[in-house]
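Below is one structure; the comments refer to it alone.
Every number here is computed from the coordinates shown, using simple stated rules; none is lab data. These figures come from a predicted structure and were not determined experimentally. Cβ coordinates were reconstructed from backbone atoms using ideal geometry, including for glycine residues, and neighbour counts include every protein chain displayed.
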Amino acid sequence: KRIAIFASGSGSNFESIVQASRVQESGYEVVYLFSDRPKAFVLERAKKFGIEADAFSPKDFSDKIEYESKVLSLLQEKKIDLVVLAGYMRLIGPTILREFEGRIMNIHPSYLPAFPGKDAIGQALDSAALDTGVTVHFVDDGMDTGPIIEQVKIQIEKQDTYESLQEKIQKVEHELYPKTIASVAGRLGEHDQKSAT
Ligand code: GRF
């Protein structure tokens, strides 16, 4: 399956997803990176791995529909089967959703439905929760609300700081996301075979 990753930031998840696809028979290939931030570090990582990438901001377009239409046409051109959000800091609008519903995944640094939206780690610490986690889910038109695919709980210890908790969360993310992508990509395969017969 041909995967596109959308990312706005550092891209540590991008890197772990690409690496996992290259060391095992993962059943997916990351063929494209899109970033809405032309200076994002994830673009350097794509270069390092020789993965095709584009970066442009919605500000360069008259509205979100124009912006997403451009992104959608790139996805179609590259024959993308599955879109993987990895730190993409925007909501997916109806233009892309209509074409890719059920084929867009996201990872969120909490045990959803707890702590949706921005700064999930800060929210968990501020609320003095005993645990938080990581969730991989399909994307719908809400903020971190789509059907959950996989979740892992992570305990918050008394001595945890923002940094230590973030480190634990990222370690889990870097294992969980590649595995979950492989299993979703596998299921897409079954569907394709059925519809082909
Ligand atoms: C991850 O923690 C992810 O859960 C959230 O954004 C962060 C992206 O980190 N959606 P990175 O850019 O993959 O390092």
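Considering region 91-169 at the alpha-carbon level, its Rg and Dmax are found to be 13.7, 45 Å.
Among the trypsin sites (Lys or Arg not before Pro) in region 89-197, those placed in a DSSP loop whose Cβ has at most 10 other Cβ atoms within 10 Å are Lys118, Lys158. Net charge in the neighbourhood of Gln155 (other residues with Cβ under 13 Å of its Cβ; Lys, Arg +1, Asp, Glu -1) is 0. For region 37-91, the square roots of the Cα gyration tensor eigenvalues, ordered a ≥ b ≥ c, give a/c of at least 1.5 with a/b no greater than b/c, which places it in the oblate category. Need the list of lysines near Lys153 for cross-linking: C-alpha distance under 22 angstrom, and skip anything on the same chain fewer than eight residues off. Result set, ordered by chain and number: Lys118, Lys168, Lys171, Lys179. Each of Ala129 and Lys171 was given a label point 7 Å from its Cα along the Cα-to-Cβ line. The distance between the two points is 1.9 nm. Computed about the Cα centre, the dipole magnitude for region 46-197 is approximately 280 debye when only Lys and Arg (+1) and Asp and Glu (-1) carry charge, each at its Cβ. Across region 2-196, C-alpha contacts under 8 Å between residues 6 or more apart give a mean separation that, scaled by the residue count, equals a relative contact order of 20 percent. Taking a Cβ cut-off of under 15 Å around Gln123, the surrounding Lys, Arg, Asp and Glu residues balance to a net charge of -4, with basic ones at +1 and acidic ones at -1.
Summary value for region 92-176: 29 percent relative contact order, contacts being C-alpha pairs under 8 angstrom separated by 6+ residues. Of all aspartates and glutamates in the structure, the ones whose alpha carbon falls short of 19 Å from that of Lys64, not counting any fewer than 8 places away in one chain, are Asp36, Asp54, Glu99, Glu101, Asp140, Asp141.
For region 3-79, the list of GluC sites (Glu not before Pro) that fall in a loop by DSSP and count at most 15 other C-beta atoms within 10 angstrom reads Glu25, Glu52.
The residue list Ile148, Phe138, Val172 was ranked by how far each Cα lies along the charge dipole of region 131-177 toward its positive end, using unit charges on Cβ atoms, and Val172 comes out on top. Normalising by residue count, region 2-196 has a Cα convex hull of 122 Å³ per residue.
Rounded to the nearest 500, the helix-only mean residue ellipticity at 222 nm of the chain stands at -13500 deg cm²/dmol, with each DSSP H run of n ≥ 4 adding -39,500 (n - 2.57).
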